Amino acid sequence: MFCFQCQEAARNEGCTVRGVCGKDEETANLQDLLVYTIKGLAYVCNKGYLDEEITDYIPKALFTTITNVNFDKNDIISYIKRGVELREKVIEKLNLNREELPKQATWTYESDEDIIKMANSDEVRILAEKNEDIRSLKELITYGIKGIGAYLTHAMRLGYNNEEIHKFIIRAFSRLIESEDVDELFNLALETGKYAVETLALLDKANTETYGHPEITEVSLEVRDRPGILISGHDLKDLEELLEQSKGQGVDIYTHSEMLPAHYYPFFKKYEHFAGNYGGSWWRQTEEFEKFNGPIVMTTNCLVPPKDSYKDRVYVTNEVGYPGLKRIPEKNGKKDFSEVIEHAKKCKPPTPLEKGKIVGGFAHNQVLALADKIIEAVKSGKIRKFVVMAGCDGRHKTREYYTEFAKKLPKDTVILTCGCAKYRFIKLDLGEIDGIPRVLDAGQCNDSYSLVKIALALKDAFGLEDINDLPIAYNIAWYEQKAVAVLLALLYLGVKNIVLGPTLPAFLSENVAKVLVEKFGISQITTVDEDIKRLVG
Ligand code: FS2
Ligand code: SF4
């Protein structure tokens with residue numbers, strides 16, 4: 001196996017024996033074959049055919065290969081088979097000559113053993129591309145598109161879609177098969193950013209039109225005395241169905257990790273049994289799930305390989321998979337949570353973890369409602385700078401940097417955050433400036449678009465030409481491929497001097513990293529003091 005798609009890649013080079021995330025070699029190789037097969041499908045589609053079965057399949061199949069989503073080789077094999085089936089349909093519809101098609105679009109199998117054999121062959125591996133810079137650009141684009149696939153899946157689940165994004169995916173993937181041109185690939189990476197912006201905007205529309213605009217909300221961190229169900233991941237539709245089905249059943253629903261911002265939406269406030277948030281970011285789940293005592297529903301990433309002590313309480317849905325975990329059944333397109341609810345009733349209430357509350361809900365609509373106050377505070381010098389500290393959390397000790405950074409930031413700065421990166425500082429009491437909290441949480445990593453919208457609105461309000469003239473600095477923590485999509489989105493929007501950490505991606509070759517530094521001023525975190533000096537002054 002060879003995988004270097006996330007921030008925790010072994011030695012910041014790549015996982016070669018077993019993923020730091022827990023992904024085993026066979027599953028990693030099958031995921032490579034799945035991406036290879038999706039690219040082959042995209043190639044034939046790009047000849048002039050696309051239908052709903054394909055636009056439904058590609059984003060979900062990509063989502064399956066994102067870090068901490070699916071560890072079950074049987075699920076991956078099913079996705080591969082479906083990809084080959086769809087590809088064959090397209091070849092037939094367009095009457096394509098197989099002799100003229102690349103191997104990605106023609107390889108086939110007769111048995112599961114054939115699939116495993118193909119997955120184990122070097123040609124599907126990332127390292128099959130021998131030129132380091134071409135490989136780097138191709139993987140940068142692939143990971144950005146994986147992120148787009150995940151965001152698009154969420155929007156589509158709420159009934160929102162945009163054909164142009166699907167068309168971009170098939171065009172980009174077919175260029176990844178054919179192109180060996182560094183300039184073309186670099187431009188394609190920026191174009192990936194453009195479609196990441198489109199996808200984030202679509203998801204924002206889907207979420208806010210379905211559940212209302214997030215508003216300032218206090219979320220309890222305490223537990224009640226009834227059994228509970230813990231829901232994690234990012235899928236708001238699953239939460240809606242779970243809340244609806246568990247009403248009046250004597251159980252409470254708690255959010256975990258990236259599901260916390262669901263509390264900020266007006267729609268979910270009507271559920272009295274929607275109790276609060278339990279725990280912190282994804283990597284703490286092995287301890288927290290143990291203590292929760294009740295069933296846990298993983299709707300998307302990040303799943304950590306479960307311990308035997310609580311494994312029988314973890315349920316998965318959507319693209320999430322892990323051998324031996326129970327899957328939520330679906331009936332007529334709706335999830336059936338009855339088994340989870342019955343399971344909860346037999347469990348003890350959650351063990352208390354902490355006291356107090358989190359205040360959040362500062363997505364674009366809410367922040368813009370406070371715009372006058374914020375602009376006044378900037379003009380009077382009470383707010384010197386906004387610092388975007390968004391993105392992902394991770395388990396490495398180096399991420400303590402972000403807690404220190406937040407603590408040491410001067411008192412006249414405000415942190416704009418979203419994603420699970422916030423757990424490094426959201427529970428600290430960092431105070432307020434004229435009633436404006438010093439940490440403004442816009443939501444999940446899925447809500448990164450909010451921060452873009454806020455920046456663009458402030459640019460207009462201050463009458464600035466360039467987004468880089470705003471008093472906003474970017475210190476972004478990344479981990480998985482959705483963060484790659486967000487980074488490309490920011491670059492496409494022209495944001496310069498982003499500080500990235502805790503490390504630069506292992507998939508950036510020296511030359512590609514150099515171009516990003518020269519063109520966009522991207523750099524890696526250094527020390528807290530030095531970074532505060534260069535970002536805030
Ligand atoms: Fe956090 Fe994990 Fe949100 Fe990422 S829960 S790192 O995949 O999606 O951000
Ligand atoms: Fe390693 Fe990350 Fe790939 Fe997992 S997803 S195998 S931790 S690089």
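Size of the range 217-345 from its Cα atoms: along the principal axes, largest to smallest, the extents are 36, 35, 24 Å. Taking the Cα of PHE462, stepping 7 Å toward and past its beta carbon, and measuring to each backbone N in the range 399-421: which are under 13 Å? The answer is 414.
Show me the three semi-axes of the equivalent ellipsoid for the range 4-145, from the C-alpha gyration tensor (sqrt of 5 times each eigenvalue), largest first, rounded to whole Å.
Working: eigenvalues 129, 54, 43 Å².
The answer is 25, 16, 15 Å, longest axis first.
Under a model in which nothing but the beta-carbon of Lys, Arg (+1) and Asp, Glu (-1) is charged, the range 10-210 shows a dipole of about 280 debye around its Cα centre. Restricting the calculation to Cα atoms, every distinct pair contributes to the Kirkwood radius of the range 124-232, found to be 16.5 Å. Restricting to DSSP H runs of at least four residues, report the calculated mean residue ellipticity at 222 nm for the chain, -39500 (n - 2.57) per run over all residues, nearest 500 deg cm²/dmol. The per-residue figure over the chain is -14000 deg cm²/dmol. Taking every DSSP bridge with both residues inside the range 364-535, close to 10 percent are antiparallel. Note on the range 430-537: with charges restricted to the Cβ of Lys and Arg (+1) and Asp and Glu (-1), its dipole about the Cα centre is near 240 debye.
For ILE433, the residues whose modelled amide H falls within less than 5 Å of its own, excluding neighbours fewer than 5 places apart on the same chain, are ARG438.
Ordering of 142-155, 324-337, 169-182 by packing is 142-155, 169-182, 324-337, highest average first (other Cβ atoms within 10 Å, averaged per residue). Each residue of the range 30-45 was assigned a 3J(HN,Hα) from its phi angle through the Karplus curve 6.51 cos²θ - 1.76 cosθ + 1.60 (θ = phi - 60°); the sequence is 5, 5, 4, 5, 5, 5, 4, 5, 4, 5, x, 4, 4, 4, 6, 4 Hz, with glycine and proline shown as x. Proximity of backbone amide H atoms, modeled 1.01 Å from N, is registered between ASN70 and GLY321 at under 5 Å, excluding neighbours fewer than 5 places apart on the same chain.
Once R0 is set to 51 Å, what does the formula 1/(1 + (r/R0)^6) return for the Cβ-Cβ distance between ILE216 and ASP24, expressed as a FRET efficiency to the nearest 0.05?
Working: r = 44 Å, r/R0 = 0.87.
The value I calculate is 0.70.
On a full-extension model of 0.36 nm per residue, what is the gain between LYS291 and GLN524, subtracting their alpha-carbon distance, rounded to one decimal in nm? Walk me through the numbers on the way to the answer.
On the way: separation 233, 0.36 × 233 = 83.88 nm, distance 3.63 nm.
Here the segment from LYS291 to GLN524 would lengthen by 80.3 nm.
Summarising the strand pairing of the range 217-345, around 10 percent of its internal DSSP beta bridges are antiparallel. The aspartates and glutamates whose alpha-carbon is closer than 20 Å to the alpha-carbon of LYS348, local same-chain residues fewer than 8 away aside, are GLU222, ASP225, ASP252, GLU272, GLU287, GLU288, GLU290, ASP308, ASP312, GLU339. Long-range amide H contacts for LYS357: which residues qualify at under 5 Å (H placed 1.01 Å from N, peptide plane, sequence gap of 5 or more or a different chain)? Residues meeting the criterion, in which the H sits 1.01 Å from N, are LEU221.
For the chain, what does the alpha-carbon gyration tensor say about shape, rounded, prolate or oblate, given a ≥ b ≥ c as the root eigenvalues, a/c under 1.5 as rounded, and a/b over b/c as prolate? Intermediate values should be presented prior to the final figure.
Details: a/c = 1.68, a/b = 1.17, b/c = 1.43.
Here the chain falls in the oblate category.
Taking +1 at the Cβ of each Lys and Arg and -1 at the Cβ of each Asp and Glu, which of PHE2, ILE165, LEU221 sits farthest along the dipole of the chain towards its positive end, judged by Cα position relative to the Cα centre? Of the candidates, LEU221 comes out farthest on the positive side. Shown in residue order for the range 274-291 are the 3J(HN,Hα) couplings computed by the Karplus curve 6.51 cos²θ - 1.76 cosθ + 1.60 at θ = phi - 60°: 7, 7, x, 10, 10, x, x, 7, 3, 6, 8, 5, 4, 7, 6, 5, 4, 7 Hz (x for Gly and Pro). Residue-wise HN-Hα couplings along the range 503-515, as the Karplus relation 6.51 cos²θ - 1.76 cosθ + 1.60 with θ = phi - 60° gives them from phi, are 10, 6, x, 5, 7, 8, 6, 4, 5, 5, 4, 4, 5 Hz; Gly and Pro carry x. Checking the cross-link filter: which lysines have an alpha carbon closer than 23 Å to that of LYS385, excluding same-chain neighbours under 8 positions apart? Within reach: LYS373, LYS407, LYS408, LYS411, LYS422, LYS427, LYS453, LYS459, LYS496, LYS533. A Cβ-based charge dipole, computed about the Cα centre of the chain with Lys and Arg at +1 and Asp and Glu at -1, lands at about 1280 debye.
So how much slack lies between LYS103 and GLU339, counting 0.36 nm per residue of separation and subtracting their Cα-Cα distance, in nm? List each step's numbers first, then the result.
Working: separation 236, 0.36 × 236 = 84.96 nm, distance 4.43 nm.
Contour length minus the Cα-Cα distance gives 80.5 nm.
Within the shell of other residues whose beta carbon sits under 15 angstrom from the beta carbon of TYR264, the net charge comes to -3, with Lys and Arg scored +1 and Asp and Glu -1.
Just order 468-474, 529-535 by mean Cβ neighbour count inside 10 Å, highest at the front, would you? The partial results should precede the final answer.
Numbers: 468-474: 17.6, 529-535: 15.0.
The densest-packed peptide leads the list: 468-474, 529-535.
Over the Cα atoms of the range 364-535, the radius of gyration divided by the Kirkwood radius equals 0.94; this is the Rg/Rh ratio.
Which part of the range 1-17 falls in the paramagnetic zone of ASN131, meaning amide N under 16 Å from the point 7 Å along Cα-to-beta-carbon? Answer for the range 1-17: none.
Here the ratio of the Cα radius of gyration of the range 81-184 to 2.2 N^0.38 Å is 1.22. Extension gain, ASP469 to ASN332, is 44.2 nm, computed as 0.36 nm per intervening residue step minus the present C-alpha separation.
Any read-out appearing in this document is the output of simple, stated calculations on the displayed coordinates, not a laboratory observation. Everything numeric here is computed off the predicted structure, so don't read it as measured data. When we count neighbours, we look across all protein chains shown, and the Cβ atoms used for this are built from the backbone with ideal geometry, even at glycine.
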